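This report concerns only the one structure given below.
The values are calculated or read from the model by the stated rules, or taken from the named source; none is laboratory data. It should be emphasised that the depicted structure is a prediction, and the values quoted were computed from it without experimental measurement. Note that we place each Cβ from the backbone using ideal geometry, even for glycine, and neighbour counts take in every protein chain shown.
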Amino acid sequence: MYRAIFLSTLILAVPLAGDQLRITSSSDWREWQLPGDAVDVDDGTLKPSFVRRDINAVTNARDFQKGGIRKVGSNPSDALNLIDGDYQTSWSPNPTDTIEDWWIEVDLGRVVSAHKIELHFAADSTPLEFFKILTSDGEPFFSNANSVLPGTLRYNKRWRYSFNAEYVLEIDYELNPLKNIRIEADLPTEDVRLTEIVVRSIGDNISLGIWDRGGSVEIISEATSTIGRTLVESTGISSTLVDGDITTYWGTVHRGGSGTQPEQQIGEFEIDLGALYWVDRVRMLGDDSGIAPGKGSGRHRAGVFNYLWYRFFTSDGSKAPDGSLNWELMGELPSNPRNLKDIRHFQELFPLRKVRHVRLIFPMSNGFEAFNGRVGTTAEWQIFGEGYPAEVTMGSPIYDLGSVQHVSAIDWTADTPVATLVEIRSRTGNLLDEQYIFQDKNGKQVTEKKYAKLIPSFKGAIDTIRTPGADWSNWSRAYETSGQVFLSPGPRRYVQLDARILSEAPYNAATFDDIILEFNNPLAQATAAEVFPNQAPPGKMSQFTYYLRSDIDASSRGFDQIQLTSTAGTRFRAVRSAGETLTATVEEIEHGFKIHLDTPVQRSTLVEIDFESTLYFNQTRFDAFLFNSGLSETVRQPVDSGDAETAISSNQVFVSLPNNQQLFSDLSLSSPVLTPNGDGISDHLQIEFDLLKVLSPRPVVIGVYDLSGRQIALISDAAATASRQRLAWDGRDTQGRTVAPGVYILRISVEGDALTRSESRLISVAY
């Protein structure tokens with residue numbers, strides 16, 4: 001049995017309202033790879049989810065596995081009224097049931113840090129007079145052999161009430177971990193109606209749902225080891241930190257044993273939240289509820305240690321120059337032996353800030369002395385904040401346009417309040433890679449070799465995973481406006497989109513309503529272009545030829561306009577086809593020109609365009625686009641690079657500068673002698689040179705120095721990029737005074753992207 005599954009699900013684009021691919025409905029959005037609970041899809045709208053502060057943790061208990069009413073002794077049909085958040089509904093024990101059945105248990109579905117527990121009775125009823133409230137963090141019972149007894153639950157705190165007449169009861173829970181609550185009557189009371197049980201907690205715990213958002217949890221034991229002992233824990237172990245279950249935990253017995261070790265060992269936690277959130281509180285719960293109370297080496301509560309000290313960091317996901325995350329220290333726990341046992345729960349508070357990653361570094365030994373037991377024991381991380389995520393990212397399925405098509409434009413509808421932004425990027429391709437996943441009849445993945453050996457009745461499905469192939473483009477830059485010309489290469493058969501919703505204000509969020517791609521048959525079925533020569537001297541006007549081959553079939557619409565542009569600018573000289581000069585009108589545009597052919601190109605041909613340009617950047621690119629004057633201006637087909645003319649060996653649409661470390665050339669001075677006497681002759685020294693290969697603005701320092709090397713004047717230290725540079729010096733020093741007559745050194749220094757170069761000239765000042 002073969003099934004097709006796509007890493008990014010492949011969807012056949014059925015043209016609607018003409019040739020359009022429309023993402024408009026909730027089902028359309030749910031086909032995307034969405035970051036779990038970080039976004040909501042409702043009524044065709046995609047929006048970030050709001051992270052709440054100060055919540056009632058009961059009302060959404062059923063959103064979590066096993067959350068809700070755990071058990072009830074009487075009147076189960078009304079039990080859900082106790083946790084529905086509605087004070088008009090209620091649960092009452094059946095008066096005919098025995099007192100042994102007057103009880104109900106609530107499971108919050110995850111452990112929470114609770115401020116208060118509240119019990120609300122209907123105002124027109126009678127409150128329970130004699131009863132108990134029991135609570136648990138989820139701790140099970142253990143056998144005499146220190147093994148967990150499955151399905152058991154130990155209530156470890158209780159409050160007993162006698163002659164109660166209060167309609168609202170409050171228990172201050174002091175931010176202790178809470179998962180289960182049991183209400184149990186000791187004596188019957190007539191006309192009892194319990195409307196709500198409320199658990200006031202810090203807020204939504206962002207650490208829950210990390211995996212569904214595409215986040216991760218990494219635990220590194222002995223992270224600083226120089227003797228080959230570093231261990232990255234498995235995902236299964238790491239997930240215990242964020243599973244909402246305080247009875248699962250991480251802690252390691254030092255593998256070197258107790259006593260003096262050859263080196264101090266450091267442990268490390270690193271959590272990726274899967275989206276960029278506004279965070280202001282992190283709690284690390286060290287409860288030992290999942291650890292047996294009996295004895296046994298490293299497996300009992302007496303042999304468990306938390307942190308002697310720690311350093312706590314956050315990161316918004318930005319990168320340092322070496323590619324690592326930028327971390328900011330947000331809190332430190334000073335070293336103190338009491339921390340190991342006397343403190344179970346640790347907390348860091350800080351102003352609301354954007355956080356994608358959190359990190360904790362802690363010792364696994366005290367200096368070179370190892371702890372004799374389980375070190376760094378941590379049951380749960382809880383991360384809190386408030387507001388909409390600062391950034392969420394979504395990926396579309398791979399859309400199949402059915403055949404090679406030209407996507408001309410992209411439209412979208414979004415609501416972007418102040419301080420919010422939506423971004424869309426695209427990529428395209430014609431090839432898909434396939435990988436086969438073999439399964440047995442139980443759905444377990446097996447190797448192809450093992451699958452072949454299974455008897456037919458034991459064979460399961462074979463899934464085909466399809467992913468972008470080798471010819472796919474990189475992601476485009478972000479689109480700036482709806483209706484913009486499509487930026488990814490075309491024509492192509494497959495297209496994929498990446499969308500982001502960003503916010504600089506925690507309480508504002510942008511929303512997506514729809515995205516629409518306009519597509520149709522291409523102007524040319526395939527194109528290839530190359531530039532010759534592919535190397536030129538810097539700063540000199542040079543002549544080039546752009547070879548453009550187009551393959552046109554019966555489904556192609558043809559073209560009668562060719563646009564050629566470059567950051568270096570271009571100047572048209574001639575256009576030919578099959579050796580014949582074509583008649584055309586040339587329109588000068590920004591950074592280049594547009595050729596309007598008198599006769600449309602409607603069959604496969606090679607077009608040669610002669611042009612001139614002056615280059616300052618290495619690998620200067622020349623881009624061509626095809627247009628059809630009978631169609632909209634948005635129908636602009638980009639031309640691919642490739643082997644357009646076999647007689648030349650370029651195969652590329654960019655031109656390189658000579659392979660050297662030169663950063664500037666053609667330095668020229670208006671005169672070797674400066675005479676700043678106000679007579680209008682040589683009062684200023686004009687300085688010109690070509691700045692080369694500098695891609696991003698970098699300092700260009702031009703100074704005047706005396707013969708001992710002391711700086712006399714600073715002409716400029718402004719940042720610049722590759723281009724022709726023109727400056728002047730009026731003969732004044734850094735104090736604004738005219739310099740004395742004599743010989744000086746003019747030095748130009750350029751700090752490039754990978755190196756720094758300088759050049760000097762002697763100049764004379766005379767009167």
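Out of 393, 416, one residue alone is polar (S, T, N, Q), buried (at least 19 other Cβ atoms within 10 Å of the Cβ) and closer than 22 Å to residue 477 by Cβ. It is 393.
Looking across the range 406-425, just one residue is more than 23 Å from the chain's Cα centre (by Cα) and β-branched (Val, Ile, Thr), and that is 407.
If you filter the range 111-126 down to residues that are assigned to a loop (DSSP other than H, G, I, E, B) and not hydroxyl-bearing (Ser, Thr, Tyr), you find that the one that is surrounded by the most Cβ atoms within 10 Å (Cβ to Cβ) is 122.
Tell me, please, whether a residue that is closer than 30 Å to residue 353 by Cα, among the polar types (S, T, N, Q), at pLDDT 90 or above and within 26 Å of the chain's Cα centre (by Cα) can be found in the range 490-499. No: the range 490-499 contains no residue that is closer than 30 Å to residue 353 by Cα, among the polar types (S, T, N, Q), at pLDDT 90 or above and within 26 Å of the chain's Cα centre (by Cα). Could you tell me whether any residue of the range 160-183 is in the same structural domain as residue 60 (by TED's automatic domain parsing), free of Cβ contacts under 8 Å to residues at least 40 places away in the same chain and touching a Lys or Arg at 6+ places or on another chain (Cβ under 8 Å)? Yes, some residue in the range 160-183 is in the same structural domain as residue 60 (by TED's automatic domain parsing), free of Cβ contacts under 8 Å to residues at least 40 places away in the same chain and touching a Lys or Arg at 6+ places or on another chain (Cβ under 8 Å). What about residue 560, is it in contact with a Pro (Cβ under 6 Å, 6 or more places away or on another chain), modelled with pLDDT of 95 or more and of a type in the set (D, E, K, R)? It is true that residue 560 is in contact with a Pro (Cβ under 6 Å, 6 or more places away or on another chain), modelled with pLDDT of 95 or more and of a type in the set (D, E, K, R). Based on what the data block shows, is residue 407 assigned to a strand (DSSP E or B), farther than 21 Å from residue 276 by Cα and either assigned by TED's automatic domain parsing to the domain that holds residue 513 or in contact with a Phe, Trp or Tyr (Cβ under 6 Å, 6 or more places away or on another chain) (or both)? When the stated conditions are applied, residue 407 passes them. Taking the criterion of being in contact with a strand residue (DSSP E or B) (Cβ under 7 Å, 6 or more places away or on another chain) and either of a type in the set (A, V, I, L, M) or not assigned by TED's automatic domain parsing to the domain that holds residue 411 (or both), the residues of the range 437-454 that qualify are 437, 446, 454.
Only residues that are of a type in the set (Val, Ile, Thr) and closer than 15 Å to residue 464 by Cβ: list them for the range 425-442, please.
Applying the first criterion (of a type in the set (Val, Ile, Thr)) to the range 425-442 yields 428, 437.
437, the sole residue that qualifies.
Could you run through the range 184-215 and say how many residues are under 15 Å from residue 132 (Cβ atoms), assigned to a loop (DSSP other than H, G, I, E, B) and out of contact with any Lys or Arg (no Cβ under 8 Å at 6 or more places or on another chain)?
Our first condition is that a residue be under 15 Å from residue 132 (Cβ atoms); within the range 184-215, this holds for 184-189, 192, 194, 197.
The next check asks that each one be assigned to a loop (DSSP other than H, G, I, E, B); those that pass are 186-189, 192.
Keeping just the survivors that are out of contact with any Lys or Arg (no Cβ under 8 Å at 6 or more places or on another chain) gives 187-189, 192.
Of the residues in the range 184-215, 4 are under 15 Å from residue 132 (Cβ atoms), assigned to a loop (DSSP other than H, G, I, E, B) and out of contact with any Lys or Arg (no Cβ under 8 Å at 6 or more places or on another chain).
Which one is surrounded by the most Cβ atoms within 10 Å (Cβ to Cβ) among residues in the range 87-110 that are touching an Asp or Glu at 6+ places or on another chain (Cβ under 6 Å) and part of a strand (DSSP E or B)?
Selected residue: 91.
Annotation: residue 433 fulfils all but one of (1) in a strand (DSSP E or B); (2) buried (at least 19 other Cβ atoms within 10 Å of the Cβ); (3) not aromatic (Phe, Trp, Tyr); the unmet one is (2). If you scan the range 601-617, which residues turn out to be of a type outside the set (D, E, K, R), loosely packed, with under 15 Cβ neighbours inside 10 Å and part of a strand (DSSP E or B)? Within the range 601-617, 605 is the sole residue that qualifies.
Can you confirm whether the range 455-463 contains a residue that is loosely packed, with under 14 Cβ neighbours inside 10 Å, assigned by TED's automatic domain parsing to the domain that holds residue 495 and in contact with a Leu (Cβ under 7 Å, 6 or more places away or on another chain)? Don't jump to the end; show me each part of the working.
Of the range 455-463, the ones loosely packed, with under 14 Cβ neighbours inside 10 Å are 455-458.
Keeping just the survivors that are assigned by TED's automatic domain parsing to the domain that holds residue 495 gives 455-458.
Now narrow it down to the ones that are in contact with a Leu (Cβ under 7 Å, 6 or more places away or on another chain): none.
No - not one qualifying residue is present in the range 455-463.
Select, from 335, 297, the only residue that is of a type outside the set (A, V, I, L, M, F, W, C) and modelled with pLDDT of 90 or more.
On the way: 297 fails: modelled with pLDDT of 90 or more.
None of the other options fit; the residue is 335.
State which residue pairs qualify: first residue in the same structural domain as residue 176 (by TED's automatic domain parsing) and over 18 Å from residue 178 (Cβ atoms) and inside the range 136-157, second residue assigned to a loop (DSSP other than H, G, I, E, B) and of a type in the set (Val, Ile, Thr) in any location, beta carbons under 6 Å apart, and separation of 6 or more residues or different chains. These pairs meet every condition: 141/152.
In the condition set (1) touching a residue at least 40 places away in the same chain (Cβ under 8 Å); (2) crowded, with 17+ Cβ neighbours inside 10 Å, residue 78 is compliant with all but (1). Among the residues of the range 464-494, those that are closer than 30 Å to residue 419 by Cα and not small (Gly, Ala, Ser) comprise 474, 475, 477, 479, 480, 481, 484, 485, 486, 487.
When 374, 359 are checked against the criterion of being touching a strand residue (DSSP E or B) at 6+ places or on another chain (Cβ under 8 Å), at pLDDT 95 or above and assigned by TED's automatic domain parsing to the domain that holds residue 249, a single residue qualifies: 359. In the range 439-539, counting only strands (runs of 3 or more DSSP E) that sit wholly within it, the ones holding 1 or more residues that are over 30 Å from residue 424 (Cα atoms) span 459-468, 526-532. Scanning the range 71-97 for residues that are under 13 Å from residue 183 (Cβ atoms) and under 38 Å from the mean Cα position of the chain (by Cα) yields one hit, 83.
Being within 30 Å of the chain's Cα centre (by Cα), of a type in the set (Ser, Thr, Tyr) and surrounded by fewer than 17 Cβ atoms within 10 Å (Cβ to Cβ) is the requirement here; does residue 428 meet it?
The answer is no for residue 428.
For the range 378-390, the criterion of being touching a strand residue (DSSP E or B) at 6+ places or on another chain (Cβ under 7 Å), farther than 23 Å from residue 21 by Cβ, modelled with pLDDT under 95 and part of a strand (DSSP E or B) is met by at least one residue. Here is a check on your reading of the model: is residue 589 modelled with pLDDT of 95 or more, among the hydrophobic types (A, V, I, L, M, F, W, C) and more than 24 Å from residue 648 (Cα to Cα)? In short, yes. In the range 363-377, the qualifying residues are those that are of a type outside the set (Asp, Glu) and outside any loop (DSSP other than H, G, I, E, B), and the one that is surrounded by the fewest Cβ atoms within 10 Å (Cβ to Cβ) is 366. Residues in the range 731-745: is at least one outside the structural domain of residue 617 (by TED's automatic domain parsing), farther than 26 Å from residue 541 by Cα, surrounded by 12 or more Cβ atoms within 10 Å (Cβ to Cβ) and basic (Lys, Arg)? The answer is yes, given that some residue of the range 731-745 is outside the structural domain of residue 617 (by TED's automatic domain parsing), farther than 26 Å from residue 541 by Cα, surrounded by 12 or more Cβ atoms within 10 Å (Cβ to Cβ) and basic (Lys, Arg).
Yes or no, residue by residue, for (1) among the aromatic types (Phe, Trp, Tyr); (2) assigned to a loop (DSSP other than H, G, I, E, B); (3) over 30 Å from residue 760 (Cβ atoms):
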| site | (1), (2), (3) |
| --- | --- |
| 597 | no, no, yes |
| 625 | yes, no, yes |
| 633 | no, yes, yes |
| 649 | no, yes, yes |
| 659 | no, yes, no |
| 667 | no, no, no |
| 686 | no, no, no |
| 693 | no, yes, no |
| 700 | no, no, no |
